[in-house]
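Values in this text are rule-based calculations from the coordinates and carry no lab data. Remember, predicted model here, so these are calculated numbers, not experimental data. When we count neighbours, we look across all protein chains shown, and the Cβ atoms used for this are built from the backbone with ideal geometry, even at glycine.
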Number of protein chains: 2
Amino acid sequence: MSIVNHQIRLAGRPVGLPDRNVWKFTEENVGAPNDGEVLVKVLYVSLDPAMRGWITDRKSYIPPVGIGDVMRALGAGKVIATKFPGIAVGDYVGGRFGLQEYAIAPGKTVNKIDAPPEKLPVYIGGLGMPGMTAYFGLLEVGRPEPGNTVVVSGAAGAVGSIVGQIAKIKGCTVVGIAGGAAKCEYLSELGFDAAIDYKTENVFESLSRHCPKGIDVFFDNVGGDILDAALANLAMRARVVICGAISQYNNTTPIKGPSNYLSLLVNRASMTGMMVTDYLAQTPEAQAIMLQWIKDGKLKTREHIVDGLNTFPETLLMLFNGENEGKLMIKVAAD
Amino acid sequence: MSIVNHQIRLAGRPVGLPDRNVWKFTEENVGAPNDGEVLVKVLYVSLDPAMRGWITDRKSYIPPVGIGDVMRALGAGKVIATKFPGIAVGDYVGGRFGLQEYAIAPGKTVNKIDAPPEKLPVYIGGLGMPGMTAYFGLLEVGRPEPGNTVVVSGAAGAVGSIVGQIAKIKGCTVVGIAGGAAKCEYLSELGFDAAIDYKTENVFESLSRHCPKGIDVFFDNVGGDILDAALANLAMRARVVICGAISQYNNTTPIKGPSNYLSLLVNRASMTGMMVTDYLAQTPEAQAIMLQWIKDGKLKTREHIVDGLNTFPETLLMLFNGENEGKLMIKVAAD
């Protein structure tokens, strides 16, 4: 084989928002898979807020991407060579393929996607990592009960939009916090009971108005002032799910801790972190449930697909500027 | 009856540390109990960090003390008149008697103390509200397992000293954080495995050294930088118990939220608030267990008793200056 593989590698550690200088564009010939490996032609790569953490040189749940390494990314693609039994040429698969056109991966680390290629984006979004984060974060950590008031921040995003819809399916009153009229309109379309535009509203006051009995479950994707506004509106024995803090990831000053954390004491409430990777064993079952909700029209997903791997540096910033509408991903190649 | 009752009332809302001007000293004749009430000669009043919250005009777990009201306080005393069946003249009782020499209280709100009068301080401390806070906060919220590493802040205080000793009884490695050599020496006497003097040590580094496998349970009484240092040292699935934040109660600037709260996410950890009043039904059983530990020499309590109700304004400040050694209380009168 003599296929050229275009890659995006980490050139240096960013300070604040990562600009194009943080990345290096390289190319090399594609190799052949060894025993137990598969060669995947990458069709889509997933752009996630977690990427900002992966390029920071700090102890976390996984080691940071090394300088010079191909940037870590989840994705979906088509197998074009295999030395792993059970995965055949032509299979569609998901996995951690990185920011590149072709990836060689251990067969046991990829998962077959039993769907036509046009459905791959859904398996990166609503049925992928963000969807599973929403499902397990809400149901296992947030533990909403019918009649509860559930509030989600980053509500129009890949995780938040699913959280709110699952909470509705479970019989809760759901309030979403998002930035801008278009996103708030989208939340109404999804069936949220109320939407708060943090760009124009006082979030604390709007939460007080929309949650007269207090917030039973707060699913937080953003941190900062919005987390504080939610903490100040908790109901007794509330559960705060810490999924992310996108407002803080590009800080060049220390992270803003939640000043209102003593609300946990007054309300006997809890704030708990979660990582979707803890739920791999239960993922197929959750995917089946969510696929059925999609088929039944109870759950809608939305993907924001940008064309071309080389747009990555600018496309990534859409996440931090709140410009994406739905799960953000790049289409790397046609099938 | 014509007994004069000396009282301390709230004269105004403090900014920062409450000085003597916040209080008003009054006297009035003692009345007689109505049906269902008892008249108590107060022997001891309990001085607690929570008092600072009770005099702030802010929504909390109980309404603030009103301007002109007798200051709220727990205490112990002797019944000198009764119109409540089941409580007799001469009984020793605990209850919320306020800062005064004599209190009339509904009989159903007081609890009989079956102990000689010289033991009353223990029923205000280790077997009272602070001891129960330690017991339920550690065991019900912190849920330590044998072999766990348990860290407690304010470790030489009324709650912290009990938390550490119960954790030792439960087979944990226990590290205490306190201010000054004398307090750290006291922690050694109590059997703590290590003591960190926050006045002279880098708490983050000392925690890293004493907790090489991370902190499984952090019981926090102080908040601020010490909470942040502990969050940065959590083990996977750690439990942080939020009991108080004495470092922040007299702030004239906003409370310092924990900048390192995203450690909850990385470590799938939880931070949970607790209030001892949620455990009233289980209190007698816990007291019996702790009384046995005291008799067996496994649990030591220490009381810091100051003479004279009129010392209250200055004695209260000992709590916030870290000057008390053991449970702080005022002896109001001899039996």
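Laid out as a table, the results:
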item: The stretch B:129-277 - charge dipole about Cα centre, Lys and Arg +1 at Cβ, Asp and Glu -1, debye rounded to 20; result: 320 debye
item: Charge context of A:LEU74, other residues only, Cβ under 12 angstrom, K/R +1, D/E -1; result: +2
item: Bridge type composition, chain A - antiparallel percent by DSSP, nearest 5; result: 55 percent
item: Residues of type aspartates and glutamates that B:LYS295 reaches as a straight line, Cα spacing below 18 Å, ignoring anything fewer than 8 places off in the same chain; result: B:ASP114, B:GLU118, B:GLU189, B:GLU285, B:GLU303
item: Chain A: relative contact order as a whole-number percent, Cα under 8 Å and 6+ apart; result: 17 percent
item: Per-residue ³J(HN,Hα) for the stretch B:127-134, Karplus 6.51 cos²θ - 1.76 cosθ + 1.60, θ = phi - 60°, Hz, x for Gly and Pro; result: 9, x, 4, x, x, 5, 4, 5
item: Of A:VAL163, A:ALA105, A:PRO116, farthest towards positive along the dipole that unit charges on Lys, Arg, Asp, Glu beta carbons give the stretch A:16-169; result: A:VAL163
item: Charge context of A:SER60, other residues only, Cβ under 13 angstrom, K/R +1, D/E -1; result: +4
item: Neighbour net charge for B:LYS183 - beta-carbon separation under 12 angstrom, K R +1, D E -1; result: -3
item: Of all DSSP beta bridges in the protein assembly as shown, antiparallel share, percent nearest 5; result: 55 percent
item: Coordinate range along principal axes, alpha carbons of the stretch B:71-212, Å, largest first; result: 59, 30, 24
item: For B:PRO146, label point 7 Å along C-beta direction: distances to other copies, nm; result: 4.4
item: Sites B:ASN34 and A:GLU205 - FRET efficiency at Förster radius 45 Å, r taken between beta-carbons, to 0.05; result: 0.50
item: Flagged links, alpha-carbon separation over 24 Å, of B:LYS213/B:LYS256; A:LYS59/A:LYS108; A:LYS183/B:LYS59; A:LYS213/A:LYS298; B:LYS41/B:LYS108; B:LYS78/B:LYS168; result: B:LYS213/B:LYS256; A:LYS59/A:LYS108; A:LYS183/B:LYS59; A:LYS213/A:LYS298; B:LYS78/B:LYS168
item: Estimated [θ] at 222 nm from DSSP helical runs (n ≥ 4, -39500 (n - 2.57)) normalised by residues in chain B, nearest 500; result: -6500 deg cm²/dmol
item: Calculated on alpha-carbon atoms, Rg and Dmax of the protein assembly as shown in Å; result: 29.4, 106
item: Order of B:GLU101, B:GLU185 - criterion: other Cβ atoms within 10 Å of each residue's Cβ, fewest first; result: B:GLU185, B:GLU101
item: Cα-derived Rg over Rh, computed across the stretch A:118-199 with Rh taken as Kirkwood radius; result: 0.97
item: Among A:PRO212, A:PRO33, A:PRO49: highest mean-square fluctuation, GNM of chain A, C-alpha pairs under 10 Å; result: A:PRO212
item: Across the identical copies, how the A:HIS6 labels are spaced - nm, sorted shortest first, 7 Å along Cα→Cβ; result: 8.7
item: Of A:ALA88, A:ALA194, A:ALA281, the one that fluctuates the most in a GNM where chain A has Cα springs shorter than 10 Å; result: A:ALA281
item: Stokes-Einstein D for chain A, Kirkwood Rh over Cα pairs, 25 °C, 0.890 mPa s (µm²/s); result: 119 µm²/s
item: Cα gyration tensor category, rounded, prolate or oblate, for the stretch B:129-277 with a/c compared to 1.5; result: rounded
item: Chain B: most fluctuating residue of B:ALA167, B:ALA81, B:ALA134 per GNM, C-alpha cutoff 10 Å; result: B:ALA81
item: Chain B residue with Cβ closest to the axis mapping B onto A, distance in whole Å; result: B:GLY257, 2
item: Distant-in-sequence amide H partners of B:ALA235 (H built 1.01 Å from N, under 5 Å); result: B:ILE215, B:ASP216
item: The stretch A:115-201: trypsin sites (Lys or Arg not before Pro) in DSSP coil with no more than 15 other Cβ atoms inside 10 Å; result: A:LYS199
item: Helix axis angle, A:283-295 relative to chain A longest principal axis, alpha carbon, degrees; result: 70 degrees
